[in-house]
Amino acid sequence: MNTLAALRSALRALVANTLRSILTMLGIIIGVAAVITMIAVGRGATERVQEQMKGLGSNIMLVLPGGVTAGGVRLGAQTGQGLTEDDALAIAREIPEVQVAAPSSRTGAQVVVGNTNWSTAVYGSTNDYLEAREWPLADGRLFETAEMQGSAKVAIIGQTVALQLFGDTDPLEQVIRIKKVPVTVVGVLARKGQNSMGQDQDDVVIVPISTYRNRIQGGTGGKLKRVSAVSVKVREGQSMKLAEDNIKELLRQRFKVQPGADDPFSIRNLTEILQAQEASSRIMTLLLAAVAGISLVIGGIGIMNIMLVSVTERTREIGLRMAVGARGRDILAQFLIEAVTLSLIGGAIGVLLGAVATWAVGQFAGWQVSMTAASIVLAAGFSAFVGVFFGFYPARRASRLLPIQALRYE
């Protein structure tokens, strides 16, 4: 019996018991579909975190004013000694690992153009802020040095603000009012999308920090030029940990902090946070795939069970085949091909079901999913392996039957 004849015989045997074959394949179908869907969901989550990391920028740290304790009560972040623009300049100038250090302050404001208005976040910062965030311009230009030094009434806006205020009209050189202060739009930022908290990063207006301090906030920053945060970008290839330690030491010296006292500031390594989220997503993907893989193992056990029943039912047939010249390896091949055929057909149906389930999850649940050819090959290959592994014992048992005993079997 050649392979083609064995395949035809296997298919005839499966068709003769169609309902039983379908029920046997059910475990494989569900298992393959579950593996493909879970891997797609997990991979989508990982890609989402990677997009957030790209949106944030690489090698980013955020320096914030620290909290203070008064009367045994912790007052929270940004209640202690404030950061200043000079602190940001010192970080950029004195720490060789730092590429840029951009001071920034933030407030919420209503932005008005004609009869249209939009509530958005207004940042006061420098061009270094965009470099730190790796945030290019889609149109227009950056702030000029004279504009940053002279509190010029200019602004760079995000894509969401441009859409809400101007629609399809070109926003460049248009005048918008921020807290009744007219400013001219000189640039439009490239699209960033949502951050890790689900906030729209494109819903932003950026003005020179001197403009923010002197015109938007009315000089409330004071002579010390206080800021709410400093965004630090570490040079490529430099140690984030070393840069963080050096920033901490420098600021402690500038704030004249006594040895052993708490830092009046905090440093958040945002890249490490997102990398931890990515690692968690990968682990979750593996766990989901492992749980889904259990369905494949259960399906394989079902195949073994049915194949053992089939061997028992067809014992006289096996004896007859051997009596007319079939060898043990022919019987082995016949039953093994039946088991693998069950697995492959179940795997193919499972791939289609998994693709539909993945689409449904992305469409109706709103999750980001990513189904790849590798996950399909992995699931289909594993289903074939299940067929070989769990079908081998029944096939071997059939091939080792003695013809005389098989023919006498009732």
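Some observations on this one:
- For the range 50-65, the set of residues classified as modelled with pLDDT of 65 or more, aliphatic (A, V, I, L, M) and in contact with a helix residue (DSSP H, G or I) (Cβ under 8 Å, 6 or more places away or on another chain) consists of Ile60, Met61, Leu62, Val63, listed by residue number.
- Residues of the range 309-326 that turn out to be surrounded by 15 or more Cβ atoms within 10 Å (Cβ to Cβ) and within 51 Å of the chain's Cα centre (by Cα), as a count: 2
- Neighbours by Cβ (under 7 Å, 6+ apart or cross-chain): first from the range 226-245, part of a helix (DSSP H, G or I) and modelled with pLDDT of 90 or more; second of a type in the set (Gly, Ala, Ser) and open to solvent by less than 80 Å² (accessible area, probe 1.4 Å): none
- Of all residues making up the range 244-269, the number that are open to solvent by 40 Å² or more (accessible area, probe 1.4 Å) and touching a Gly at 6+ places or on another chain (Cβ under 6 Å): 1
- Ala138 surrounded by fewer than 18 Cβ atoms within 10 Å (Cβ to Cβ) and touching a residue at least 12 places away in the same chain (Cβ under 8 Å): yes
- Checked against (1) without any contact (Cβ under 8 Å) to a residue 40 or more places away in the chain; (2) among the acidic types (Asp, Glu); (3) more than 17 Å from Ala16 (Cα to Cα), Glu313 passes all but a single condition, namely (3).
This table checks each residue for (1) modelled with pLDDT of 80 or more; (2) surrounded by fewer than 17 Cβ atoms within 10 Å (Cβ to Cβ); (3) within 18 Å of Ala13 (Cα to Cα).
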site	(1), (2), (3)
Gly328	no, yes, no
Phe335	no, no, yes
Thr341	yes, no, yes
Val351	yes, no, no
Ala355	yes, yes, no
Thr358	yes, no, no
Ser370	no, no, no
Phe382	no, no, no
Gly387	no, no, yes
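- Leu4 being at negative phi, open to solvent by 60 Å² or more (accessible area, probe 1.4 Å) and modelled with pLDDT under 80: yes
- Criterion applied to Glu249, Glu272 was being within 22 Å of Leu62 (Cβ to Cβ), among the acidic types (Asp, Glu), modelled with pLDDT of 90 or more and in a helix (DSSP H, G or I), and the one residue passing it is Glu249.
- Filter result for Asp170 (over 14 Å from Ile206 (Cα atoms) and in contact with a Pro (Cβ under 9 Å, 6 or more places away or on another chain)): no
- For the criterion of being touching a residue at least 24 places away in the same chain (Cβ under 8 Å), under 29 Å from the mean Cα position of the chain (by Cα) and at negative phi, Ala90 fails.
- For the range 148-187, residues that are open to solvent by less than 20 Å² (accessible area, probe 1.4 Å), β-branched (Val, Ile, Thr) and either in contact with a Phe, Trp or Tyr (Cβ under 7 Å, 6 or more places away or on another chain) or in a helix (DSSP H, G or I) (or both) total 2.
The values are calculated or read from the model by the stated rules, or taken from the named source; none is laboratory data. Just so we're clear, the structure is a prediction, and the values are computed from it rather than from any experiment. Every residue, glycine as well, gets a Cβ built from its backbone with ideal geometry; the counts of neighbours run over all protein chains shown. Please note that ligands, DNA and RNA were not included when accessible areas were found on the heavy atoms of the full protein model with its side chains. Shrake-Rupley method; radii C 1.70, N 1.55, O 1.52, S 1.80 Å.
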